[in-house]
1. Does A:F377 satisfy the condition of being farther than 18 Å from B:S340 by Cβ and part of a strand (DSSP E or B)?
2. Report yes if A:L244 is in contact (Cβ under 8 Å) with a residue 24 or more places away in the chain, within 10 Å of chain B (Cβ to nearest Cβ) and not hydroxyl-bearing (S, T, Y), otherwise no.
3. Condition check: more than 14 Å from every other protein chain (Cβ to nearest Cβ), among the aliphatic types (A, V, I, L, M), over 21 Å from A:F196 (Cα atoms) and out of contact with any helix residue (DSSP H, G or I) (no Cβ under 7 Å at 6 or more places or on another chain). Does A:L412 satisfy that?
4. Looking at A:D141 and the list (1) in contact (Cβ under 8 Å) with a residue 40 or more places away in the chain; (2) at the interface with chain B (Cβ under 10 Å from one of its Cβ atoms), which single condition is not satisfied?
5. Do the conditions hold for A:I568, that is, is it in a helix (DSSP H, G or I) and either modelled with pLDDT of 90 or more or over 30 Å from B:C396 (Cβ atoms) (or both)?
6. Can you tell me which residues in segment A:594-621 are more than 20 Å from B:P308 (Cβ to Cβ) and more than 29 Å from the chain's Cα centre (by Cα)?
7. Can you name the residue in segment A:389-409 that is within 14 Å of chain B (Cβ to nearest Cβ) and crowded, with 17+ Cβ neighbours inside 10 Å and is also nearest to A:L375 (Cα to Cα) among such residues?
8. Do you know which of the residues in segment B:290-312 that are among the charged types (D, E, K, R) and not in a loop (DSSP other than H, G, I, E, B) is farthest from the other protein chains (Cβ to nearest Cβ)?
Amino acid sequence: MAKPDSKPKQNSKPKAKKHYRPAGKKKEGNAAKYVTRSQAVKHLQVNLPLFRRLCILKGIFPREPKKKVKGNHHTYYHVKDISFLEREPLLEIFRDKRAHEKKVKKAEAKKNPDLAKRLRTRAPTYKLDKVIRERYPTYIDALRDLDDCLTMVHLFAALPALEREKIEVQRIHKCRRLSHEWQAYISRTHKLRKTFVSVKGIYYQAEVEGQKITWLTPHALQQVMPDDVDFNVMLNFLEVYETLLAFINYRLYHSINVKYPPILDPRLEALASDLYALSRYFDVNSRTSVVDPQVSSTSGSEQVETQKVGTASDESELRLAQLQHQLPSNEPGALMRLVEDDAGDVEEDDDTRECKKLFRNLKFFLSREVPRESLLFVIPAFGGVVSWEGEGAPFKEDDQSITHKIVDRPTLVRTSLSREYVQPQWVYDCVNARVILPTEDYMVGKIPPPHLSPFVDHESEGYVPEYAETIKRLQAAARKEVLPLPGVGNEDVEDPQKLLSEGIIDRAEASEAAERKRKMILEQNRYLDELKMEVEGVQNSSTPSDNKQSSSKETQAREESEPDLEQIVEDHANMSKTVMSRRKRKIYEAMQIGKQRKKAHVDLLKERKKKIQAAKESEEN
Amino acid sequence: MKIKGEKKKRQSVRNSKSEEVEEEQPSITEQNKLKQKQLPSHSDSDSDPDYGSPYVSDSEDFPEDGDFDGSLSDSEAGESGSSGDEGVVNSDVDDGLHNDQENQSNSSESHQGVEESDSSEDEVAPRNTVGDVPLVWYKDEEHIGYDLNGKKIKKRTRKDKVESFLESADDAKNWLKVYDEYNDEEVEVTKKELKLINRLLKGKAPHSDFDPYAPYVDWFKWDDAKHPLSNAPEPKRRFIPSKWESKKVVKLVRAIRMGLIKRDKPKEEQQFYHLWGDDSSSTEKANHLSFIPAPKSKLPGHEESYNPSLEYIPTQEEINSYQLMFEEDRPKFIPRRYTSLRSIPAYDNAVKDVFERCLDLYLCPRVRKKRINIDPESLKPKLPSRRDLKPYPVTCYLEYKGHTDAVVSISIEASGQWLASGSLDGTVRIWEVETGRCLRVWEFEEAVKFVAWNPLREIPIVAVSVGQEVFILNTGLGDEEEQKNIKELLHFETPVAPDDSGDKVSVASWHQDDKHEGIRLRHFKTVSSVEWHRKGDYFSTVMPAGESRAVLIHQLSKKHTQRIPFKLRGLPVSSVFHPTKKIFFISTKKNIRAYDLQKQKLIKKLETGLREVSSISVHPGGDNIIVGSREGKLCWFDMDLSSKPYRILKCHPKDITNVAFHRSYPLFASCSDDCTAYVFHGMVYSDLNQNPLIVPLEILRGHTSSNGRGVMDCKFHPRQPWLFTAGADSVIKLYCH
């Protein structure tokens, strides 16, 4: 840093007035970049509700200028955002709509119902596809922003149609359809990762194209319609979300070669088991799409067969598939399995494969009182087969191959010994743990173990609930049991090369990890040593120079210095804090406060736990 | 359905009515009989079955029905006697009435059974025994009506809602059932009736065999008529196509051709397509502003589970304590535990939560904020290792005890062998540094404010400020020759005559002090500090209350006092001489001014930005100054760099009482009322391009607080990296490396 001359800077110019701007000079800075909402409304020549609607449709939001020129109590929009709205064709359409409404009103006032009726059929319409394209330039962008969309659509799928709030039946049905389409896709492609039953509803997390999408579905109960909610706003949002979700569904369906919009089995639809109907549709569709290329490949393989003997198993599988192709499609279980076998996608990642296998050989039967829609979605997503009590179910309750019956009743009426009777929470917990948990705790009539959120990172939270540890142990056990097995079973003995190389890689990785760990430990040790050295240094420096000091004093000093290790550490922290710049110090202190708050929360939890345990023990005694 | 039911009810009611009437009022029937006898001859089309009148019978008790009958019979009459005039019709009405009554009485008398069988629709006998009374009368009764034997007919047991709902859910034909209140039974609508209702709903005739568009039967015999009804010639319009119609058609055709009239297009469904194209990597860049994505909603934690671990559920006391909190601080979500999935109730705020999210999305201003997600430790600056910066004072090595009150000021002799200390107990002590032996004690009447050794080694004298006086004391150290010199120096016969101006005299006056063997300088205000010039001849005194004459410079050899020729702005705190140049620093509470003594003008003004400066120290190089303040901040000024502090260190939570530079080592220290003293490494480089390096080295503790004051003074040893601290606990400590 060069040292400037030591003369203090002098303000020779007279200071201009603060807000003075010469005539003709353009505005600059924040005054030019931002306008308040009322300015924007005036500029666009629309009324406030329409402005809000446009903002919702176009996804325009107020921004926070660095300096609020008009004052603190205004909302500021960026000028560019407003000009973006100004050029929107929707604006013109909305104006047309307004004019059209006036025409209808006039016709009605003139007692001309025919004209009014005719006019009503010709109201200007608009489409939102361009808007959505603008808002989400890429497909990934759209996926990234899907959380709110899905939550809203799922909520509306559960709401009653309300005349007074202008919630039409068609919209509710559309939402239902869209949500089922989405769920069917997720379930079919095994993209579901986590589920969580909360008081607010059921949370799901899926991973599509690497994007984690979380949404909330309300419990399947009568929803409370609050009075202090402006449904117009929600419906405006819903308009965008419906279109967005439809386009995304279209894309997703086409990615697995299924036509969109799907045509459903009207019988199943009438039975309100849309999801199952959709899955049936998938099966039929993807069967044709998947099997067809295989037919061609069979012909190819037949040619090859003349030269090569082998792939016999493949052949038989294919034939089986073809046979099943000819079977009437009323055997969903078989079909499902077939599809599962065939759709061995190459690009599936490990996670998907793991999810697909979870309930692989299990057959579930849902009792009447369990949340059917949710379980019909979750279980197939993890490779299970489900049926339910009621019409249209793929198999009946007396099916002998059912392994699990999901019951949510206070007492159990056991009818079959071959199956396990579990509470629905078992399914969700298994899914989150990715392990088939033991069913003893989830027996009917018992209070199940706590249901834990899969979204919590225990490390950063600092507190691990007891059951999480149990699950961890179970997971570890399962891995130990299961993991080596497929290595032996699946890996063909014929290519030991591969095995070997894998082993080498594994070893290399392991050694690397070990190295890292060792380094970490070394580092830690060094730090500790340093600290110790420092403390000792303090003592050492004092020992040689005590030529004139009485020995009692020296020991006293040592006594003083020894328990002060903590003090020294604290001093260390303090000292570096003194040198920090003010801004950094403030940040640091804020962080410390956050840490303390978190710690307080954890402490509270621990304390409660201790109390609960104490109470339990005293009860036992 | 309803209509049918009512109809049936009505019929049955009427039947029952007639029965009742018969039973209860036999007199009426007798009357009827009489009437019948009186008017024997009337048998019109009464028995016409189409109108269903035979069993529609009423006595005068029910006037409306009577009217109805009357009108019916009226029409009958009209039909029968079309050619009759009004009078005839009237009479006919009467006739009809009578007829009816007669008929009714007939039927009721003779064949009741026939009548029942007559109703073709219901096989079940009408059991209603209530009559046409409002059902409300029977609301609270257990029975409904009476049977033929006069016994009460019990009502069926009421089903509760759940039961009936379950029943209805199970029964597929539930929607066909209607509850008949009068009969207290459920009636199932038959297929036939259903059809009839459907037809009625569509606005068609009730019976399917009825043809509303039957070909017109012209009852009028045209052939035999001698005269046509009208003899007018056929008008032209009967056989010429309408001109106006054709005009209208032409108009419409034209309009259609010109495209003025558009056909209604079928409502088209939204078509979906690959909105984002097939390639996922669209390079198209949006030309509008950067989109700030809204933050995603927080993911739920364990406490939101329907069945959380027990420790997440607050106890009742905690929930009660939430009520005492401010509304904003109150937790919005209180975890609850439901033991099974079926017991979860609907979430009340489901819609509201989503609505609030919507509001957030379109009403909340968005800013891109950099979120610091770093380890807080990384914020700490990288400091050079303290081991490399040794030596510096680390531990307490010696304590000098002897004072009885807080030691306010200390000073070390230039050789580093002696230590002078002044205390509030009014004593000044001289200590031997190495041993801690107290060499000498002076006692004064007032508390000692400041002590300062003469910087020259040859003149071991101490300046002590006590109240309004400054004493120059001979310590009696040094060899004889030096003692002689000192005695000479400190000796003057006559106090300086007030010859110049009265002003000067009043500022300070020199006196010989025999008691303490030194000189006594009497000031007009309390003196707070005394600072020697490096050459040991001049020294300055500061009187904070002295206003324009607050700072004085005295010359020892000439026993001369002078005011500084500068105007002071603000309250002076202390003054220092520059270590090498002829510059004099005066610090006021806010600023520090550097004056050139030779040219007698202001060189520089340093703006501390502090609230109240308490102490100042100049680096031996002369270009750097440290300033301690009462708010616990320590400012380092690099005079070459700027008039603003180069670095502000906030280290003490309480007032800084003193700051000190080491004369040879790159060390400086600050001591404060929080009973600590900080030792810093402060390296000043001769290379002008390099900024001074400041590293905190050590926090020295050991003093205890008394009266809210901690460490009062700190001074470095002139040659060793040792620090002396004077505490309010009347102890002086020596910290060594």
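The values are calculated or read from the model by the stated rules, or taken from the named source; none is laboratory data. Note that this is a predicted model, so its numbers are computed, not measured. Don't worry about glycine lacking a Cβ; one is built from the backbone with ideal geometry, like all the others, and counts go over all protein chains shown.
1. Criteria not met by A:F377.
2. yes
3. Spelling it out, it is not the case that A:L412 is more than 14 Å from every other protein chain (Cβ to nearest Cβ), among the aliphatic types (A, V, I, L, M), over 21 Å from A:F196 (Cα atoms) and out of contact with any helix residue (DSSP H, G or I) (no Cβ under 7 Å at 6 or more places or on another chain).
4. (1)
5. no
6. If the condition is that a residue be more than 20 Å from B:P308 (Cβ to Cβ) and more than 29 Å from the chain's Cα centre (by Cα), then A:E617, A:S618, A:E619, A:E620, A:N621 are the ones that fit.
7. A:I406
8. Filtering segment B:290-312 for residues among the charged types (D, E, K, R) gives B:296, B:298, B:303-304, B:311.
Then drop every residue that is not not in a loop (DSSP other than H, G, I, E, B), which leaves B:303-304, B:311.
Values: B:E303: 8, B:E304: 4, B:E311: 4 Å.
Residue satisfying both the conditions and the ranking: B:E303.
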